[in-house]
Amino acid sequence: MNQDGYELVIGLEVHVELNTKNKMFCNCSTDYFGQPANTHICPVCLGLPGALPIINHEAIQSCMKIGLALNCTVAENSRFERKNYFYPDLPKGFQISQYRWPLCTGGWLEVSDMNGQANKIRINRVHQEEDTGKLTHSNRNSLVDYNRSGIPLVEIVTEPDFHDVESVRDYAKKLQQIFRSLGVSNADMEKGDMRLEANVSVRPVGSQELPDYRVELKNINSFRFMVAAIEYERSRQIAALEKGEELTQETRGWNEEKKETYLQRGKEEAHDYRYFPEPDLPELQVASQVVQIKKEMPELPEAKIRRYKQDLSLPQSAAQVLASDSNLSKVFETALEISAGKLTALTVANKLINSQNGASLLPEKVVQDLLTSKEGLIEDNNEISKLAQEAIKENAQVAEIYRKGKLTAIQSLIGVVMRKSQGKADAAKVKETLEKLLNSES
Amino acid sequence: MQITKLSLIETKQALLDKQFSEAELNQAYLDRIEKLNSKLNAFLHVQTNKVGIPAAIKDVISTKDIPTTAASKILENYLPPFNATVMNRLAAQNISVIGKTNCDEFAMGSSGENSAYGKTLNPWDLGRVPGGSSSGSAAAIAADLAVFALGSDTGGSIRLPASLCGTIGFKPSYGRVSRYGLLSMASSLDQIGTFTKTVADARLLLEWMSGTDNLDSNCLQEAFKASNTDKKDNLKGLRVGVPTEYFGQGLDQEVAKVIKSAISKMESLGAKIVEISLPHTEYAIAAYYIIMASEVSSNLARFDGIRFGKQRDQFGAEPKRRIMLGTFSLASGYYDDYYAQAAKVRTLIRQDFARAFTQCDAIVGPVSPTPAWQIGEKVTDPLAMYLSDVYTVPASMAGLPGISVPAGFVQGLPVGLHVLSKYADDETVLNVAEVFTEQTNFAKEKPDL
């Protein structure tokens with residue numbers, strides 16, 4: 001960024017709501033979206049006198065997965081701490097968070113800047129905390145809904161390594177893909193699953209020093225507005241520096257009507273959160289679980305792109321589109337397997353990328369459509385039944401696994417029939433026939 | 001037979017033997033409360049039950065649909081929608097709540113004078129304090145107003161009033177009994193315990209109340225189970241440590257005499273007396289007032305005027321003082337000098353005890369430097385008040401089990417003997433205390449009311 005001889009210096013804080021079954025420190029259900037206010041609450045998430053927190057280990061595992069996906073180290077000793085401040089949506093008067101002893105530290109993520117150049121963004125920390133309740137203001141009343149109070153929240157803090165808005169955009173998009181492929185969050189920005197805060201300052205191009213101030217852009221609930229706010233701040237801060245004004249640490253919000261940022265809190269009003277170790281919770285000693293968690297972690301988008309390019313010879317653009325959506329890549333890989341060498345990876349990829357809703361297509365159908373456009377389809381029930389019986393006989397073990405309840409095992413049998421028919425059997429009928437046979441024999 | 005003089009174990013047996021009914025049992029205690037509570041102000045709330053074995057519960061323990069005020073105006077109208085874990089465990093043993101007992105507001109105080117609903121008086125001398133903060137529970141058992149009582153001990157709040165009221169006050173090891181439902185004062189120190197008429201009752205109650213609770217992460221997994229039920233009448237083979245630091249300046253000479261004679265008694269019962277040193281004792285109160293106040297400032301933040309109907313100006317002077325102290329100790333730039341330093345001192349105190357317990361099995365000494373003092377005597381001098389906890393705080397900082405048992409009198413006022421043991425070795429504390437109380441008569445003495 002070279003505009004006016006200044007460059008942006010941006011650090012990001014991303015909060016992501018985890019999709020665990022239970023809240024972070026109690027057994028309340030997290031399935032509160034669209035539910036009536038204050039129906040997913042208990043003494044713990046209401047902060048009633050005498051209630052105590054307990055740790056949701058599913059959330060801790062998710063937090064570690066995020067940390068590992070971002071190349072962080074999981075701490076040998078990590079602690080929860082109390083972040084003390086007053087707000088009506090915070091029933092305990094403190095948030096259980098992490099400060100001196102975060103769960104994961106020292107990672108990085110590669111992002112593309114405005115020139116398409118790849119840069120490593122350093123991740124300072126990935127820590128676990130809890131969400132607050134929600135305030136609604138109407139007329140002269142303020143209503144509090146504590147359904148969201150105690151929902152597990154992971155905070156990811158970067159070093160101030162961003163110098164343009166494109167990198168910020170790419171970072172946010174990549175994080176979203178990582179959350180989704182790890183299956184730890186729906187990462188839906190509209191629903192507030194994923195929230196961004198930016199620390200923005202500017203410095204003369206060529207300077208390597210961090211500016212001695214930073215403006216925190218907070219409570220901006222749309223990615224588009226965040227980008228607009230950063231752009232606005234760049235101009236505002238450059239103009240101020242050019243006028244010889246001194247910029248100070250402050251928190252600013254975004255006024256969408258006026259298309260400008262506005263002061264929320266100055267340096268003097270900065271909170272002192274009085275962090276101290278949460279005495280109601282034991283130390284977290286989970287580093288020993290890292291090996292197991294790494295084993296269970298699915299392939300991440302970056303690795304997938306690499307594999308599609310190297311092993312399947314897909315072009316970068318196609319590999320990126322497929323890998324960015326874990327459902328789409330699943331359809332792609334299943335279809336490719338079913339096609340059993342009759343179709344090239346690129347043919348299948350193009351078909352899916354050009355479809356309106358590739359991620360929700362039935363892989364068998366995709367292969368079918370591509371193949372029938374070449375040759376005739378086997379629809380004869382007897383013929384299919386014969387092949388299905390053969391497939392079951394030859395793969396008795398797989399059939400047994402299916403009968404024991406692992407219904408996805410049928411995919412492998414469908415693949416066998418498709419290969420036997422040289423890809424010509426009607427996939428929907430194959431599935432139906434297999435199911436009939438397997439269920440009648442058990 | 002006087003029903004209200006019976007211990008928990010005797011009461012259970014008498015009910016089994018149909019010597020009286022549960023209704024008669026409850027009525028006997030209700031009559032006594034009716035007669036004496038106006039004098040003592042031990043209960044803030046009384047329940048007129050006809051069933052169950054009546055227990056008095058300190059008003060900082062959450063009781064479902066029964067007022068729980070922590071003796072504070074802030075919670076004047078609070079009816080908890082849930083029971084503390086201990087209340088559920090006691091209910092399963094047919095224990096009922098006869099009333100909620102007075103205490104220092106949010107368990108903050110050493111004299112019982114900090115209640116928003118008036119001070120509790122000492123049954124042995126109505127002009128003196130009963131000790132705090134579990135003042136009402138101690139007074140209630142001294143005056144036979146319940147079969148037993150629950151209290152909470154953060155820096156001495158069970159042991160000190162037990163000493164001053166001549167009852168048996170037992171604080172189990174930290175985490176031995178679930179804290180779920182105990183209104184938090186200082187989470188890393190708080191522990192629920194008992195006031196009983198016999199040590200055997202304290203042991204039985206610990207068996208009932210202890211054990212893992214998935215609602216309290218700091219609760220010990222194993223339930224307490226007495227390993228040896230054969231009663232002993234001597235202390236042969238026991239090494240009793242006497243810390244030099246607990247007999248220095250500030251200890252009333254008459255109290256020292258009572259404690260020394262108790263130690264001689266233990267020696268005559270076969271115990272081997274060893275002099276030990278706990279060198280960091282002198283820093284315990286200072287470190288305690290930083291850690292405790294820090295946790296208090298955070299734990300009381302939830303009473304912000306939004307959900308419980310009362311503004312923060314309704315806090316009494318002592319909670320306000322501790323909120324201020326704690327807020328200051330945790331402030332940015334001060335944390336390292338105060339909280340972090342205090343945490344280090346805490347580790348040193350733990351190490352003191354660990355070293356001492358290589359030389360002895362139990363540690364004994366005074367509970368309070370003086371017998372019960374005059375009402376109002378220390379209210380204007382918070383530091384003097386804080387120093388009444390000088391012998392109880394170190395064990396709290398280390399999470400150790402401790403008990404106060406009656407050991408004699410100074411000018412008609414009871415004096416308690418403090419017995420401590422290793423972390424999680426609640427059994428030694430109880431066994432030593434039991435032999436001592438059974439081989440002396442002090443625990444049977446009752447105030448003339």
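Here, each number is a calculation from the coordinates, and none is a lab measurement. Small disclaimer: the values here were computed from a predicted structure and weren't measured. Note: ideal-geometry Cβ built from the backbone for every residue, glycine included; neighbour counts use all protein chains shown.
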For the pair A:THR347 and A:LYS191, the simple spin-label estimate (label points 7 Å beyond Cα toward Cβ) gives in nm 3.8 nm
What residue among B:PHE409, B:PHE20, B:PHE224 has the largest mean-square fluctuation in a Gaussian network model of chain B, using Cα springs under 10 Å?
B:PHE20
So if I take the centroid of the Cα atoms in the range B:255-320 and the same for the range B:200-220, what is the distance between those two points in Å?
21 Å
Quick calc: nm separation of the 7 Å Cα→Cβ label points for A:ALA303 and B:VAL274 -> 5.6 nm
Cross-link reach list, aspartates and glutamates versus B:LYS73, counting only Cα pairs under 14 Å and skipping chain neighbours closer than eight places:
B:ASP59, B:ASP104, B:GLU105, B:ASP304, B:ASP313, B:GLU318
Considering all alpha-carbon pairs of the range A:91-214, what whole percent are spaced by more than 27 angstrom?
31 percent
Could you pull out the GluC sites (Glu not before Pro) across the range A:321-430 that fall in loop regions by DSSP (anything but H, G, I, E, B) with no more than 15 other Cβ atoms inside 10 Å?
A:GLU375, A:GLU379
Students often forget the sequence filter, so: which aspartates and glutamates lie under 12 Å Cα-Cα from A:LYS429 once same-chain residues fewer than 8 apart are removed?
A:GLU364, A:GLU379, A:ASP380, A:GLU383
Show which lysines lie in cross-link reach of B:LYS231 when reach means a straight Cα distance below 23 angstrom and same-chain residues fewer than eight apart are skipped.
B:LYS5, B:LYS12, B:LYS171, B:LYS197, B:LYS265, B:LYS272, B:LYS422, B:LYS444
Where the centroid of each part is defined by its Cα atoms, how far is the range A:117-163 from the range A:261-334 in Å?
15 Å
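Under the classification rounded if a/c is under 1.5, otherwise prolate if a/b is larger than b/c and oblate if not, where does the range B:8-444 fall, given a ≥ b ≥ c as square roots of the Cα gyration tensor eigenvalues?
On the way: a/c = 1.39, a/b = 1.02, b/c = 1.36.
Rounded is the answer for the range B:8-444, as its axis ratio a/c remains below 1.5.
Of all beta bridges DSSP finds with both residues in the range A:3-293, what is the antiparallel percent, to the nearest 5? Don't skip to the end; give the middle numbers.
Numbers: 56 of 59 bridges.
Counting only bridges with both partners in the range A:3-293, antiparallel ones make up about 95 percent.
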Asserting the computed 222 nm helical MRE of chain B (DSSP H runs at least 4 long, -39500 (n - 2.57) per run, divided by residue count, to nearest 500) equals -10500 deg cm²/dmol
Ignoring trypsin sites (Lys or Arg not before Pro) buried by more than 13 other Cβ within 10 Å or outside DSSP loops, the longest site-free run in chain A is A:268-373
Who wins for biggest fluctuation among B:LYS422, B:LYS171, B:LYS378 in a Gaussian network model of chain B, springs between alpha carbons below 10 Å?
B:LYS378
B:GLN341-A:LYS259 FRET efficiency (beta carbon distance; Förster radius 41 Å; 0.05 resolution)
0.20
Free-standing Cys residues across chain A, given no other cysteine C-beta under 4.7 angstrom
A:CYS26, A:CYS28, A:CYS42, A:CYS45, A:CYS63
Considering only C-alpha atoms, what is the centroid distance from the range B:20-47 to the range A:204-251, in Å?
69 Å
Between B:ASP31 and A:ASN382, what is the label-point separation in nm under the 7 Å Cα-to-beta-carbon projection?
10.0 nm
Only Cα pairs within less than 10 Å get springs; with that Gaussian network setup on chain B, which residue of B:ALA262, B:ALA356, B:ALA384 has the largest fluctuation?
B:ALA384
Stokes-Einstein translational diffusion, the protein assembly as shown - Kirkwood Rh over all Cα pairs, 1.002 mPa s, 20 °C, in µm²/s:
68 µm²/s
Crossing angle, helix A:410-420 versus chain A [Cα axis fit, 0-90 degrees, rounded to tens]:
50 degrees
Working from Cα positions, state the angle (0 to 90°, nearest 10) between the long axis of helix A:345-354 and the longest principal axis of chain A.
60 degrees
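Rounded to the nearest 500, what is chain A's calculated 222 nm mean residue ellipticity when only DSSP H runs of at least 4 contribute -39500 (n - 2.57) each, over all residues? Please report the intermediate quantities before stating the final value.
Values: 13 runs with 159 residues, N = 442.
When only DSSP H runs of four or more count, the value is -11000 deg cm²/dmol.
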Where in the range A:203-221 is the amide nitrogen less than 15 Å from a point lying 7 Å along the Cα-to-Cβ axis of A:TYR87?
A:216-221
